[in-house]
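Shown next, in structure tokens, is the structure this report addresses.
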Amino acid sequence: MPSVKPSAAPIVWPNGKKVALSLSFDDARLSNVDKGTVLLDQYDVKATFFVVPSAVKKRLEGWKKAVASGHEMGNHSVNHPCSGNFTWSREKALEDYTGEKMRAELIEANQQVQELLGVKPEVFAYPCGQMFIGRGRSTQSYVPIVSDLFISGRGWRNEAPNDPAYCDMAQIYGMEMDGKDFSEIKDLIETARKTGQWLVLAGHETAESGGQTTRLAMLKQLCEYAKDPANGVWIAPIGTVAKHVNKQRN
């Protein structure tokens, strides 16, 4: 997708809302369709799920139902490549990737998701939040590839919401919501609302407890807060917000 330049004017959110909020979950964890979408659907909240095709196959009917409910399916690659410094990623290390190999994998992931779920992903999340390929002097960013193929690319464990008038859509910030209490998430929303920012939250499992888990109790409170008109929150999938921002920036 062509790069969209920063806007001199602030971005206006729909219907007078003061802050945009997107919920996103990585890897197509089983708990996402076993429990997560069940809760989100109760509040008519639509999220973005960055899926790995092999994981989708383990709960295919559940993922088809999630698509039918209006949730967004994003690309999270075929092999989830990360640095080989993670020993579990040694056989799919980013240090061993070329641009051609990465582009081919992301296109293949899109094709597989479309075959499985009938939708072509428009958004991407960098596995492990890592945006490089190669090693040492041969290291390159694969952000340009993501920019070519998608309307947005989301990072991981970033430290701020996004300034919608300025942010690079191929490198939007994703702030972790795994393991967080609602009070912590509420503080992030209120900080973002002060300047009309776009808060993108990123998680993995959706369950009562556990590692890499967005807690269902927190998610319930978050949905109730976001759906209360008094709080001025526009909650929508990443692709929906990205298109809204790009339209105004153009």
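The values are calculated or read from the model by the stated rules, or taken from the named source; none is laboratory data. All of these numbers come straight from a predicted model, not from anything done at the bench. Methodologically, a virtual Cβ is constructed for each residue, glycine included, from the backbone with ideal geometry; neighbour enumeration extends over all protein chains shown. Heads up: the accessible areas ignore ligands, DNA and RNA and are worked out on the full protein's heavy atoms, side chains in. Shrake-Rupley method; radii C 1.70, N 1.55, O 1.52, S 1.80 Å.
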Residues (farther than 16 Å from Gln114 by Cα and open to solvent by less than 10 Å² (accessible area, probe 1.4 Å)) located in region 14-36: Val19, Ala20, Leu21, Ser22, Leu23, Ser24, Phe25, Asp26, Asn32, Gly36
Quick one: which residue in Ser183, Ser209 is at pLDDT 95 or above and not in a helix (DSSP H, G or I)? Ser209
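Listed here are the residues, each with its yes/no results for (1) assigned to a helix (DSSP H, G or I); (2) closer than 22 Å to Val143 by Cα; (3) in contact with a Lys or Arg (Cβ under 8 Å, 6 or more places away or on another chain); (4) open to solvent by 60 Å² or more (accessible area, probe 1.4 Å).
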site: Pro10; (1), (2), (3), (4): no, no, no, yes
site: Val67; (1), (2), (3), (4): yes, no, no, no
site: Arg90; (1), (2), (3), (4): yes, yes, no, yes
site: Glu100; (1), (2), (3), (4): yes, yes, no, yes
site: Ile107; (1), (2), (3), (4): yes, yes, no, yes
site: Val113; (1), (2), (3), (4): yes, yes, yes, no
Taking region 98-119 and keeping residues among the hydrophobic types (A, V, I, L, M, F, W, C) and either farther than 15 Å from Met73 by Cα or out of contact with any helix residue (DSSP H, G or I) (no Cβ under 8 Å at 6 or more places or on another chain) (or both) leaves Met102, Ala104
Any residue in region 140-160 that is farther than 30 Å from Ser7 by Cα and either open to solvent by less than 70 Å² (accessible area, probe 1.4 Å) or outside any helix (DSSP H, G or I) (or both)? no
Listed by first then second residue, the pairs whose first member lies in region 82-106 and is touching a residue at least 40 places away in the same chain (Cβ under 8 Å), whose partner is open to solvent by 70 Å² or more (accessible area, probe 1.4 Å), with beta carbons under 7 Å and at least 6 positions apart or on separate chains, are Glu95/Arg135; Gly99/Gln140
Condition check for Lys58: part of a loop (DSSP other than H, G, I, E, B), open to solvent by 50 Å² or more (accessible area, probe 1.4 Å), touching a helix residue (DSSP H, G or I) at 6+ places or on another chain (Cβ under 9 Å) and at pLDDT 95 or above: no
In region 72-87, residue surrounded by the most Cβ atoms within 10 Å (Cβ to Cβ) [restricted to those that are in contact with a Pro (Cβ under 7 Å, 6 or more places away or on another chain) and assigned to a loop (DSSP other than H, G, I, E, B)]: His76
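Residues checked against (1) in contact with a Ser or Thr (Cβ under 8 Å, 6 or more places away or on another chain); (2) buried (at least 22 other Cβ atoms within 10 Å of the Cβ):
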residue	(1), (2)
Tyr166	yes, no
Asp178	yes, no
Thr195	no, no
Leu199	yes, yes
Ala202	yes, yes
Glu224	no, no
Trp234	no, no
Got a number for residues in region 106-120 being acidic (Asp, Glu) and under 18 Å from the mean Cα position of the chain (by Cα)? 0
Within the bounds of region 108-124, is there any residue that is touching a residue at least 24 places away in the same chain (Cβ under 8 Å) and basic (Lys, Arg)? no
Can you pull out the residues in region 121-139 that are in a helix (DSSP H, G or I) and over 18 Å from the mean Cα position of the chain (by Cα)? Gly136, Arg137, Ser138
Is it the case that Thr98 is more than 20 Å from Gly153 (Cα to Cα) and of a type in the set (Ser, Thr, Tyr)? no
When (1) open to solvent by less than 70 Å² (accessible area, probe 1.4 Å); (2) without any contact (Cβ under 8 Å) to a residue 12 or more places away in the chain; (3) over 25 Å from Ala8 (Cα atoms) are applied to Asp187, the one that fails is (1)
Quick check on my filter: what residues within region 205-222 are open to solvent by 10 Å² or more (accessible area, probe 1.4 Å) and in contact (Cβ under 8 Å) with a residue 60 or more places away in the chain? Glu205, Ala207, Leu216, Lys220
